[in-house]
1. Here is a list of conditions, (1) of a type in the set (Asp, Glu); (2) more than 16 Å from ligand 2 (Cβ to nearest atom); (3) more than 17 Å from the chain's Cα centre (by Cα), and residue 200 meets all of them except one; can you say which number that is?
2. Pick out the one residue from 188, 133, 192 that is within 16 Å of ligand 2 (Cβ to nearest atom) and in contact with a Leu (Cβ under 6 Å, 6 or more places away or on another chain).
3. Collect the residues in the range 127-146 that are under 30 Å from residue 90 (Cα atoms) and open to solvent by 60 Å² or more (accessible area, probe 1.4 Å), keeping them in residue-number order.
4. Which one is farthest from residue 198 (Cα to Cα) among residues in the range 14-46 that are open to solvent by less than 10 Å² (accessible area, probe 1.4 Å) and near ligand 1 (Cβ under 6 Å from one of its atoms)?
5. Report every pair of residues separated by at least 6 positions or lying on different chains whose Cβ atoms are under 8 Å apart, first residue within the range 49-74 and farther than 19 Å from residue 176 by Cβ, second open to solvent by 20 Å² or more (accessible area, probe 1.4 Å) and among the polar types (S, T, N, Q).
6. Take the residues in the range 158-193 that are within 16 Å of the chain's Cα centre (by Cα) and of a type in the set (Val, Ile, Thr), then tell me which one is farthest from residue 17 (Cα to Cα).
7. Suppose we keep only residues that are in contact with a helix residue (DSSP H, G or I) (Cβ under 8 Å, 6 or more places away or on another chain) and either of a type in the set (D, E, K, R) or in a loop (DSSP other than H, G, I, E, B) (or both) within the range 78-97. Which one would you say is nearest to residue 146 (Cα to Cα)?
8. Six or more apart or on different chains, Cβ atoms under 6 Å: show the pairs whose first residue is in the range 183-203 and within 26 Å of residue 161 (Cβ to Cβ) and whose second is within 13 Å of ligand 2 (Cβ to nearest atom) and in a loop (DSSP other than H, G, I, E, B).
Amino acid sequence: MQSNLSSKPQSKLHVGIIMDGNGRWATRRQLSRLRGHEAGVEAIRRVVEAAPDQGVGTLTLYAFSSDNWRRPKAEVTALMALLRFYLASEVESLVRNGVRLTVIGRRDRLPNGIADAIGRAEAATAKGDVLHLRIAVDYSARDAILKAAANAASEGDLTREKFSDLITGEPGLRDVDLVIRTSGEKRLSDFLLWESAYAELHFTDRMWPDFGGEDLAEALASFHGRERRFGGLQPVSPELTPEVAL
Ligand code: IPE
Ligand code: IPE
Ligand code: MG
């Protein structure tokens, strides 16, 4: 058995959040589902602000899945309008706070102008080094894996790391350490399936619009209380996970 320790420079955590429950939050308050999505944007602001001080270096937020196109047209249109609004209104504060924004997922099916707005926001925030905020829009983990597999056909010596880079489009991106899902649902719904191979999972009944910095801290406290063994018998830090050739 050969092993070599690959030391990754970035030791801050990668947290992924499945921001669920906007609709139920609104319906319980006799509000329209759109109001729930709007309140969800406020929760995004709170979490983005809280994350860096809690040891999070990369935050991937699931905003719109490729399966969400199945929703009524009016809701999809409203969600896309919210995304457009977020991109336009948020860039300045992201830049001020050192947040680098990237959007993952397909761009070719988004309404006119959104792909350009994403490109502008990514360019404007490219120098941010406090937090890498990734927002998943028209995202499907299985589609991302399929696409990478098609591109991998031309790669000679394919390794897990090279395949990860093809999937994420972000060489060296840290695997997900912790996946949080709100609203009591306990499933992954096609979110970061490859990147979360050894992620810890945290499920909370809190609806996404009610989620905030304290909930993130609670999820991270639970995470820090766990032993990550990566298949071995001892707790291991992910930076020191041996690449083992069996
Ligand atoms: C999550 O909230 C946001 C999106 C999927 C866009 P939902 O809209 O799924 O809210 P629920 O699950 O219906 O309550
Ligand atoms: C997952 O939530 C997608 C996002 C949070 C963006 P859904 O509400 O769409 O997932 P399912 O349909 O309950 O699995
Ligand atoms: Mg939902």
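1. (3)
2. On inspection, the qualifying residue turns out to be 133.
3. 127, 129, 142, 143
4. 23
5. Pairs that qualify, where the first residue is farther than 19 Å from residue 176 by Cβ and the partner is open to solvent by 20 Å² or more (accessible area, probe 1.4 Å) and among the polar types (S, T, N, Q), are 49/97; 67/189.
6. In this case the residue turns out to be 167.
7. 84
8. 190/140
The values are calculated or read from the model by the stated rules, or taken from the named source; none is laboratory data. All values derive from a computational prediction rather than experimental measurement. Every residue, glycine as well, gets a Cβ built from its backbone with ideal geometry; the counts of neighbours run over all protein chains shown. Ligands, DNA and RNA are stripped out before the accessible areas are found, and what is left, the full protein with its side chains, is counted by its heavy atoms. Shrake-Rupley method; radii C 1.70, N 1.55, O 1.52, S 1.80 Å.
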